[in-house]
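Asker: Before we start, here is the structure in question, set down as structure tokens.
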Amino acid sequence: MNIILFGPPGAGKGTQAKYLVKKLNNFQVSTGDILREEIKNNTEIGKKIINVIKDGKFVNDDIVNQLLEKYVFDPQKKNRLIFDGYPRTINQAKNLDLLLDSSNQKIDLVFFLNVNKDTIIKRIQKRKILEKRSDDDLDTILKRYDTYMETTKPVLSFYSKNPNFHEIDGTDEIEEITNKIHTFINV
Ligand code: AMP
């Protein structure tokens, strides 16, 4: 099963991705983690994107699309992908369709974790203390939220017409969200 977790920063995509990875024995594909790894390893890409991420802006589609390919085409991961934080633009959504098509895969489920701005701010400020992410300060959170509203929210209409699309109240407790997701995965 290939699943997309969709929603604003701080919606709980990473938390639910980890649950699905365990439950389905799948693989989490978090583009945020992949990009942070590039920065940590001080690669050419890492050097290019460090300030973009710090500013709460989106990394260029070409860079993200290219980094994603090896995960989609990895035979071990075929039909076992949990996308967390990708796609975030219409270009990325179309790219994902192409990559999946060409490897005989599809998206089985899309979960939209819907959370309001106040909850996001509270959650991310809490996460900053736990994970010490440099893009979790209030200024950057607000920028990331604006970027989401402008660029990512339109991606919703790309998926929301499909019968495999499910909107879930992301302000609920973690366990409640997990239980709701569970009702759709039939495992
Ligand atoms: P995340 O860990 O998903 O919150 O991502 C952290 C940051 O990485 C985002 O604010 C963006 O700057 C960048 N990023 C992660 N995923 C993507 C993506 N699919 N497209 C563009 N930028 C991304």
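Asker: Being open to solvent by 30 Å² or more (accessible area, probe 1.4 Å) and without any contact (Cβ under 8 Å) to a residue 60 or more places away in the chain is true for just one of K54, K18. Which residue is that?
Answerer: K18
Asker: Within the group F73, F27, F83, which residue is away from the ligand (no atom under 12 Å from the Cβ), aromatic (F, W, Y) and touching a strand residue (DSSP E or B) at 6+ places or on another chain (Cβ under 8 Å)?
Answerer: F27
Asker: Considering every residue within the range 167-186, establish whether at least one is in a strand (DSSP E or B), open to solvent by 30 Å² or more (accessible area, probe 1.4 Å) and more than 28 Å from K94 (Cβ to Cβ).
Answerer: Yes.
Asker: Here is a list: T119, T147. Which entry is in contact with a Phe, Trp or Tyr (Cβ under 8 Å, 6 or more places away or on another chain), polar (S, T, N, Q) and either modelled with pLDDT under 95 or surrounded by 15 or more Cβ atoms within 10 Å (Cβ to Cβ) (or both)?
Answerer: Only one candidate qualifies: T147.
Asker: Does the range 62-71 contain any residue that is assigned to a helix (DSSP H, G or I), aliphatic (A, V, I, L, M) and closer than 19 Å to F184 by Cα?
Answerer: Scanning the range 62-71 turns up no residue that is assigned to a helix (DSSP H, G or I), aliphatic (A, V, I, L, M) and closer than 19 Å to F184 by Cα.
Asker: Identify all residues within the range 1-15 that are of a type in the set (A, V, I, L, M) and open to solvent by less than 10 Å² (accessible area, probe 1.4 Å); write none if there are none.
Answerer: Of everything in the range 1-15, those that are of a type in the set (A, V, I, L, M) and open to solvent by less than 10 Å² (accessible area, probe 1.4 Å) turn out to be I3, I4, L5, A11.
Asker: Can you name every residue in the range 30-47 that is over 16 Å from S134 (Cβ atoms) and either within 10 Å of the ligand (Cβ to nearest atom) or part of a helix (DSSP H, G or I) (or both)?
Answerer: S30, T31, I34, E44, I45
Asker: Consider the range 93-133. How many of its residues are in contact (Cβ under 8 Å) with a residue 60 or more places away in the chain, touching a helix residue (DSSP H, G or I) at 6+ places or on another chain (Cβ under 6 Å) and farther than 21 Å from D169 by Cβ?
Answerer: Count: 2.
The values are calculated or read from the model by the stated rules, or taken from the named source; none is laboratory data. The model shown is predicted, which means the values in this text are computed figures rather than measured ones. Every residue, glycine among them, receives a Cβ derived from its backbone with ideal geometry; neighbour counts consider all protein chains shown. Accessible surface is based on the protein model in full, side chains and every heavy atom, while ligands, DNA and RNA are left aside. Shrake-Rupley method; radii C 1.70, N 1.55, O 1.52, S 1.80 Å.
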